[in-house]
């Protein structure tokens with residue numbers, strides 16, 4: 001299907017891919033959607049299509065919820081242009097915005113914890129929501145961030161049962177169970193859309209580091225992929241610092257993305273890594289960069 005045939009939002013590409021084509025015909029049907037596509041298959045397009053439909057055909061609001069501040073910041077920057085007329089705003093741990101300041105805005109971007117917290121106020125913005133999109137929905141049930149997602153979904157479905165839920169995930173092993181749960185909460189038809197289509201071939205190579213002394217293996221792998229953009233994910237800031245020290249010794253240009261940095265600094269690091277002319281091909285990152293951020 002050509003994107004020009006979709007009248008609710010103008011996309012910057014010519015046609016929907018085969019995964020997106022499974023869902024686009026459902027956008028104007030009103031059912032809840034649980035979408036499980038592989039990474040890179042264009043799940044955000046589904047959110048934008050649903051938001052475009054609800055914003056164009058009604059006078060209510062829409063909200064996007066995600067687990068990380070870096071992802072929320074990225075979506076806000078994208079949508080400040082494409083959804084400019086609806087005045088998108090961001091509420092997260094880094095933002096100073098509150099709902100009293102955005103009375104004329106219709107598109108809200110929230111981190112899960114901020115949405116759950118703001119929801120308790122039962123603000124007018126929430127009472128007038130027609131569509132809520134939860135990205136990285138596989139985190140529902142997660143011991144860490146899953147509680148905020150579950151709490152928000154349950155509370156919101158109780159106060160606003162007519163609102164449409166759109167859940168997006170790249171890894172959703174319990175997709176059918178999740179769809180049944182959303183249907184039981186809202187009483188609305190809930191459609192599950194699953195695809196294994198990928199835009200590019202995808203492979204994984206890994207080396208499990210048992211001891212800090214084996215960090216030298218990271219340097220070997222970086223040498224193997226020299227000249228390619230490479231992300232080194234670490235489970236702790238201490239490990240990340242050790243790797244960065246080694247990279248500095250070897251005079252390998254790199255950046256380090258972690259939660260202790262300011263919002264502006266993290267944006268700068270993401271931009272440096274994304275710029276193919278920056279000379280920065282290696283980014284060491286904690287989980288701050290691990291969910292859905294496009295770089």
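Neighbour counts of other C-beta atoms within 10 Å: give me 9, 233, 126, 51 arranged from fewest to most.
The most exposed by this proxy come first: 233, 9, 126, 51.
Using only Cα atoms, find the angle between the long axis of helix 43-57 and the longest principal axis of the chain, and express it within 0 to 90 degrees, rounded to the nearest 10.
So the inclination is approximately 30 degrees.
Among 69, 201, 248, which comes first, then next, by fewest other beta-carbon atoms within 10 Å?
Starting with the residue having the fewest Cβ neighbours, the order is 201, 248, 69.
Treat each spin label as a single point 7 Å out from the Cα along the C-beta direction, and report the residue 251 to residue 124 distance in nm.
Rounded to a tenth, the inter-label distance reads 6.3 nm.
Taking neighbour Cβ counts within 10 Å as the exposure measure, how do 287, 278 sort from fewest upward?
Listed from fewest to most nearby Cβ atoms, that is 278, 287.
May I ask you to compute the full-extension gain from residue 159 to residue 56, defined as 0.36 nm times their residue separation minus their alpha-carbon distance, rounded to one decimal in nm?
34.7 nm
Roughly what angle does helix 146-159 make with the longest principal axis of the chain, taking Cα atoms, 0 to 90 degrees, to the nearest 10?
Approximately 10 degrees, to the nearest ten.
FYI, it's all coordinate maths here, none of it is from the lab. Fair warning: this is a prediction, and the values are worked out from it, not measured in the lab. Cβ coordinates were reconstructed from backbone atoms using ideal geometry, including for glycine residues, and neighbour counts include every protein chain displayed.
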